[in-house]
Amino acid sequence: MDPQKLLETSDPGAVWRVHQAELDAATRRVFASGRYILGPEVSAFEREWARYLGAGVSVGVASGTDALELALRAAGVARGDLVVTVANTASATATAIERAGARLACAEIDPATFVLDVPALAAWLARSDAPAVRAVVPVHLYGHPVDMPALGELSRRHDFAVVEDCAQAHGARVAGRRVGTFGVTAGFSFYPTKNLGAFGDGGAVVTSDMARAERVWRLRQYGWALRHVSTAPGMNSRLDELQAALLRVLLPGLDAANRRRAAIAAAYLDGLRDTTVRLPQVAAGVEPVWHQFVVRHPTREALRQHLERAGIAAAVLYPVPIHRQPAYQGRTSMPPGGLPEAERACDEVLSLPIHPHLSDADVARVIDAVRAFR
Ligand SMILES: *Cc1c(COP(=O)(O)O)cnc(C)c1O
């Protein structure tokens with residue numbers, strides 16, 4: 001008998017296998033066009049992505065990290081400003097904040113949903129010794145949206161900008177509205193394993209404020225206002241024609257892929273009740289897109305190894321909180337009580353496979369393997 005196939009946490013190659021004919025046609029179209037940078041495919045994808053989200057404008061850039069940096073700069077963040085995010089995020093969030101010239105701060109998370117605890121942030125900012133905050137970057141981690149109405153209210157009270165990190169939440173909604181449309185600006189990543197993934201790097205800044213979109217258009221290409229005339233110190237961060245054309249093939253299937261993820265999540269939530277793992281919770285009024293399905297276990301490493309022996313790859317996103325990483329240690333501001341919930345999450349989280357190309361039999365195999373863990 002063949003050994004059981006290894007179940008991976010993502011399978012970008014499956015996207016190619018399923019959509020091969022259309023992807024091939026798009027590739028040929030771009031190669032034959034002679035336009036490879038900032039042409040009609042990028043413009044068309046930008047329009048289609050903005051329409052999908054219900055946002056004003058989308059600007060294609062080279063990666064999610066660049067998108068966040070440019071989103072922060074377009075939101076008015078400048079050298080020395082304090083920007084708050086969470087500690088259990090991808091290093092990329094912190095990288096983008098520092099590249100925008102800002103100082104990094106982390107606030108506490110809600111242990112049930114793993115995302116920014118808005119009441120805890122409110123309590124921190126209400127203290128007399130609270131720092132002045134220029135912007136907050138809510139990370140819709142694992143595809144679960146932050147409470148954006150509550151954060152919006154807090155931003156008006158304390159006069160900070162909200163810049164969303166939507167790298168894991170393509171299509172997720174709060175009160176019926178897609179994430180990426182709540183902040184003054186937002187950044188998306190199209191890294192191949194994300195819910196909408198390219199075949200290389202890519203990203204987008206989203207905003208409904210034309211002046212801010214204008215700023216990103218300039219910054220992404222050398223700060224040019226006119227060709228060869230720079231009005232700001234910019235950078236080179238452009239989405240390729242090829243990636244845009246491939247993303248246009250996949251965008252119409254995004255909602256169906258997210259529904260498949262939700263069905264798998266429902267199967268896990270049902271199949272893993274009354275086990276030793278703690279299951280993720282969904283806050284009222286939000287519609288997550290299950291970029292990851294993250295369980296908690298006090299002996300996470302033993303569970304990971306048990307699954308590995310059963311041929312199931314489970315990932316740890318992320319093992320080290322930002323404020324304990326060598327690059328950021330000692331210069332991350334945080335609330336007086338520290339970040340015990342974020343730290344505990346980093347010690348206990350484990351992502352089970354949840355990409356849309358898993359079969360029902362694969363999902364049953366994961367459930368059986370977790371249930372067999374003692
Ligand atoms: C993937 C990711 C990013 C960075 O995106 P890249 O395209 O890899 O630069 C930023 N934030 C979060 C939360 C991510 O998951």
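The numbers here are math on the coordinates, done by the rules we state, and not lab data. Every value quoted in this text rests on a predicted model; they were computed, and no experiment measured them. Backbone-built Cβ (ideal geometry, glycine too); neighbour counts: all protein chains shown.
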Self-check item: Three-way shape label, the stretch 187-240, alpha-carbon gyration tensor, a/c 1.5
Solution: oblate
Quiz prompt | For Thr85, residues with placed amide H under 5 Å, excluding near neighbours | solution = Ala105, Cys106, Ala107, Val137
Exercise. Report the one residue of Leu226, Ala126, Leu254 whose Cα lies farthest in the direction of the positive end of the charge dipole of the chain (charges on C-beta: Lys and Arg +1, Asp and Glu -1; origin at the Cα centre).
Key: Leu226
Quiz item: Label point 7 Å out from Trp224 along Cα-to-Cβ: which residues of the stretch 62-76 have amide N under 18 Å?
Solution: 62
Exercise. Quote the Stokes-Einstein diffusion coefficient, in whole µm² s⁻¹, for the stretch 42-135, based on the Kirkwood radius over alpha carbon pairs, a temperature of 25 °C and a viscosity of 0.890 mPa s.
Key: 165
Practice problem: Rounded to whole Hz and in sequence order, give me ³J(HN,Hα) for the stretch 223-232 from the Karplus expression 6.51 cos²θ - 1.76 cosθ + 1.60, θ = phi - 60°, writing x for Gly and Pro. | Solution: x, 5, 8, 10, 3, 6, 10, 8, 10, 8
Quiz item: Pick from Arg215, Arg273, Arg173: which residue has the top mean-square fluctuation in a GNM of the chain where Cα pairs under 10 Å get a spring?
Solution: Arg273
Quiz prompt | the chain: calculated mean residue ellipticity at 222 nm from DSSP helix runs of at least 4, using -39500 (n - 2.57) | solution = -12000 deg cm²/dmol
Quiz item: At what distance in angstrom do the alpha carbon centres of the stretch 299-374 and the stretch 167-199 lie from each other?
Solution: 22
Quiz item: FRET efficiency for Val316 and Arg278, Cβ-Cβ distance as r, R0 = 22 Å, nearest 0.05?
Solution: 0.90
Self-check item: Kirkwood hydrodynamic radius over Cα pairs of the stretch 268-374, then Stokes diffusion coefficient at 10 °C and 1.306 mPa s, in µm²/s
Solution: 103
Quiz prompt | Phi-based couplings in Hz for the stretch 28-45 (Karplus 6.51, -1.76, 1.60; Gly and Pro marked x) | solution = 4, 4, 5, 4, 6, 6, x, 10, 10, 10, 6, x, x, 5, 4, 4, 5, 5
Quiz item: Taking the chain as a Gaussian network, where each spring joins two C-alpha atoms under 10 Å apart, which residue of Val316, Val83, Val137 fluctuates the most?
Solution: Val316
Quiz item: Rounded to the nearest 0.05, what FRET efficiency is calculated for Ala175 and Ala327 with R0 set to 51 Å and r the Cβ-Cβ distance?
Solution: 0.90
Exercise. Tell me the label-point distance for the pair Asp347, Ala361, using the 7 Å Cα-to-Cβ offset, in nm and rounded to one decimal.
Key: 4.1
Quiz item: Taking the chain as a Gaussian network, where each spring joins two C-alpha atoms under 10 Å apart, which residue of Gly34, Gly271, Gly285 fluctuates the most?
Solution: Gly34
Quiz item: For the chain, what is the convex hull volume of the alpha-carbon atoms per residue, in Å³?
Solution: 139
Quiz item: Applying 1/(1 + (r/R0)^6) with R0 = 56 Å to the Cβ-Cβ distance of Asp368 and His158, what FRET efficiency is obtained, to the nearest 0.05?
Solution: 0.70
Quiz item: Relative to the Cα centre, what is the charge dipole magnitude of the stretch 1-128, using +1 at the beta carbon of each Lys and Arg, -1 at the beta carbon of each Asp and Glu, and rounding to the nearest 20 debye?
Solution: 440
Quiz item: What size of dipole, in debye to the nearest 20, comes out for the chain about its Cα centre when the only charges are +1 on Lys and Arg C-beta atoms and -1 on Asp and Glu C-beta atoms?
Solution: 540
Quiz item: If you wrap the stretch 150-296's Cα atoms in a convex hull and average its projection over all directions, what's the area in nm²?
Solution: 11.6
Exercise. Name the residues whose placed amide hydrogens come within less than 5 Å of the amide hydrogen of Gly223, ignoring near sequence neighbours (fewer than 5 apart) on the same chain.
Key: Gly234, Met235
Exercise. Using the charge dipole of the chain (Lys, Arg: +1 at Cβ; Asp, Glu: -1 at Cβ; taken about the Cα centre), state which of Val277, Ala175, Thr27 has its Cα farthest towards the positive end.
Key: Thr27
